[in-house]
Amino acid sequence: MPEEELIDIKFRLYDGSDIGPFRYSAASTVDFLKQRVVSDWPKGKSVVPKGINEVKLISSGKILENNKTVGQCKTPFGDVAGGVIVMHVVVQPSLTKTKTEKKVDKPPKAVICTCTIL
């Protein structure tokens, strides 16, 4: 029976700190990795994801899709013996929050000028 390939991955956060490294199967999905990032998010950070939909994982300059597996996302130059793949984590607030924030802005007041000559 062939041995399952395990890949070491660590997650680099916006402030330069890391989560991991952890070993994942090549069959693990990006969605699973995002769940791990959200559950292991360090306490005391100013930005905290509320769910996996707010987390984007970037590897080799590409945003990874939830349905892809780790094996599909791995690049050939990431195949360093004993190497750890670094995935960058971006927290992006959901679009519904941004839309409500835009509605809060007050519309600009119209400037009305009147002159009276006596």
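The values are calculated or read from the model by the stated rules, or taken from the named source; none is laboratory data. Keep in mind the model is a prediction, meaning the values are calculated, not measured. With ideal geometry, Cβ positions are generated from the backbone for all residues, glycine too; neighbour counts draw on all protein chains shown. Ligands, DNA and RNA are stripped out before the accessible areas are found, and what is left, the full protein with its side chains, is counted by its heavy atoms. Shrake-Rupley method; radii C 1.70, N 1.55, O 1.52, S 1.80 Å.
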Practice problem: Scan (1) within 14 Å of VAL89 (Cβ to Cβ); (2) out of contact with any His (no Cβ under 7 Å at 6 or more places or on another chain); (3) among the β-branched types (Val, Ile, Thr); (4) part of a strand (DSSP E or B) for the single condition ILE7 breaks and write down its number. | Solution: (1)
Quiz item: Which of the residues that make up the range 57-67 are open to solvent by less than 40 Å² (accessible area, probe 1.4 Å) and in a loop (DSSP other than H, G, I, E, B)?
Solution: LEU64
Quiz item: Limited to the range 10-56, what total is found for residues that are open to solvent by 40 Å² or more (accessible area, probe 1.4 Å), assigned to a loop (DSSP other than H, G, I, E, B), under 22 Å from ASN67 (Cα atoms) and of a type in the set (A, V, I, L, M, F, W, C)?
Solution: 1
Quiz item: Mind checking which pairs have a first residue in the range 12-32 that is under 16 Å from VAL84 (Cβ atoms) and a second that is assigned to a loop (DSSP other than H, G, I, E, B) and open to solvent by less than 50 Å² (accessible area, probe 1.4 Å), Cβ under 7 Å, 6 or more apart or different chains?
Solution: SER17/PRO42; ILE19/LEU13
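Okay, residues lined up against (1) of a type outside the set (Gly, Ala, Ser); (2) farther than 16 Å from GLN92 by Cβ; (3) at pLDDT 90 or above:
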| residue | (1), (2), (3) |
| --- | --- |
| TYR14 | yes, no, no |
| TYR24 | yes, yes, no |
| SER28 | no, yes, no |
| GLN35 | yes, yes, yes |
| GLY44 | no, yes, no |
| ILE52 | yes, no, no |
| GLY61 | no, yes, no |
| THR69 | yes, yes, no |
| THR75 | yes, yes, no |
